[in-house]
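The structure appears right after this line, and notes come after that.
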Amino acid sequence: MPTLFFTPRYSEDSQALWKAAASIGWKTERLTSWRIPDHLKAVEDPVIYGEALFAPALAEQVGRVLNNPPEDWLVTLPYEHKLRTISMATLGEARTRTELAFVKPPNDKSFPAGVYRGNDLPAEFEDSMNVLISEVVQWEREFRCFILDRTLETFSLYSRFGELQREQGFASESWEDTEAQAFVQSVLEDKRVELPAATVIDVGTIQGKGWACVEQNAAWGAGIYGCDPTAVLRVLQRASSDA
């Protein structure tokens, strides 16, 4: 039986997953610190969900390694699935650029992703830090998609023109759902696209261009928005591997 570990931070997502886990008979443990009690370190099927500052340390204590997307996944993604130019560079190289570009850390939130000129990038980080640099586009809508074995398990609209849709209940139109599913399926069927067994892909529409991948995220720390929490649990169970 899986045991779902939560970090000390409460959130709507962790509460939804806690209820879903209880409904299907999983054990759950809400930790009070970054240390797992000794009597819990040998549970048979540990599953981790939480933020990047705590989750990897918790996984290590139960003999698991959390799966993360390759930093260059968007760079290597075929153009028809991203519809914009994206490159990887060091932060030092990005600081020399004079034109506006969308810049973000590849797999974390060490500084906010956004549109920057080179000299506006945060100064407190080392020049050697890797960043992704993309042409500036306008996302009309964005969906979160939980993927297991190249199958779409659950998905949800989360943003319209950069505005989180929580107050609107993450509601989407049926035609939007149909188009999102069709696009995701085209990505999943493309054997050139490398994916781990369990992951999250964000997709959306770029104004004037069409459907494209926003990014890939690690499932173990991804917000679930309006996704089915029981389906999310199936993905989380495969989002780590033996150390």
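The values are calculated or read from the model by the stated rules, or taken from the named source; none is laboratory data. Computed from a predicted model, the values in this text were never measured in an experiment. Ideal geometry is used to build each Cβ from the backbone, glycine not excepted, and the neighbour counts take in all protein chains shown.
Quick rundown of the values:
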{"quantity": "VAL187 touching a His at 6+ places or on another chain (Cβ under 7 Å), at negative phi and either at pLDDT 95 or above or not in a loop (DSSP other than H, G, I, E, B) (or both)", "calculated": "yes"}
{"quantity": "Given (1) within 23 Å of ALA231 (Cα to Cα); (2) in contact (Cβ under 8 Å) with a residue 12 or more places away in the chain; (3) out of contact with any helix residue (DSSP H, G or I) (no Cβ under 6 Å at 6 or more places or on another chain); (4) among the small types (Gly, Ala, Ser), number of the condition ALA57 does not satisfy", "calculated": "(1)"}
{"quantity": "Filter pass, ARG30 being among the charged types (D, E, K, R), surrounded by 18 or more Cβ atoms within 10 Å (Cβ to Cβ) and out of contact with any Asp or Glu (no Cβ under 6 Å at 6 or more places or on another chain)", "calculated": "no"}
{"quantity": "Test set (1) polar (S, T, N, Q); (2) touching a helix residue (DSSP H, G or I) at 6+ places or on another chain (Cβ under 6 Å); (3) touching a residue at least 40 places away in the same chain (Cβ under 8 Å) - THR7 fails condition number", "calculated": "(2)"}
{"quantity": "Segment 36-81, residues that are part of a loop (DSSP other than H, G, I, E, B), within 17 Å of ALA243 (Cβ to Cβ) and either more than 22 Å from the chain's Cα centre (by Cα) or among the charged types (D, E, K, R) (or both)", "calculated": "ILE36, LYS41, ALA42, VAL43, GLU44, VAL62, GLY63"}
{"quantity": "Residue count for segment 94-119, restricted to those that are among the β-branched types (Val, Ile, Thr), touching a helix residue (DSSP H, G or I) at 6+ places or on another chain (Cβ under 9 Å) and loosely packed, with under 14 Cβ neighbours inside 10 Å", "calculated": "2"}
{"quantity": "Any hit, segment 137-145, residues being at pLDDT 95 or above, loosely packed, with under 13 Cβ neighbours inside 10 Å, in a loop (DSSP other than H, G, I, E, B) and in contact with a strand residue (DSSP E or B) (Cβ under 9 Å, 6 or more places away or on another chain)", "calculated": "yes"}
{"quantity": "Top-ranked residue of segment 146-184 - restricted to ones that are of a type in the set (A, V, I, L, M, F, W, C) and assigned to a strand (DSSP E or B), ranked as farthest from ASP108 (Cα to Cα)", "calculated": "LEU152"}
{"quantity": "Test set (1) outside the structural domain of ASP202 (by TED's automatic domain parsing); (2) surrounded by 12 or more Cβ atoms within 10 Å (Cβ to Cβ); (3) charged (D, E, K, R) - ASP177 fails condition number", "calculated": "(1)"}
{"quantity": "Verdict on LYS82 being among the basic types (Lys, Arg) and closer than 28 Å to VAL184 by Cα", "calculated": "yes"}
{"quantity": "Of all residues in segment 192-239 being more than 14 Å from the chain's Cα centre (by Cα) and polar (S, T, N, Q), the one that is nearest to PRO106 (Cα to Cα)", "calculated": "THR205"}
{"quantity": "Condition broken by GLY114, with the remaining ones in (1) modelled with pLDDT of 95 or more; (2) under 20 Å from the mean Cα position of the chain (by Cα) satisfied", "calculated": "(1)"}
{"quantity": "Any hit, segment 67-80, residues being in contact with a helix residue (DSSP H, G or I) (Cβ under 6 Å, 6 or more places away or on another chain) and surrounded by 15 or more Cβ atoms within 10 Å (Cβ to Cβ)", "calculated": "no"}
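Okay, residues lined up against (1) β-branched (Val, Ile, Thr); (2) within 16 Å of the chain's Cα centre (by Cα):
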residue	(1), (2)
SER110	no, yes
PHE125	no, no
SER134	no, no
VAL137	yes, no
TYR158	no, yes
PHE161	no, no
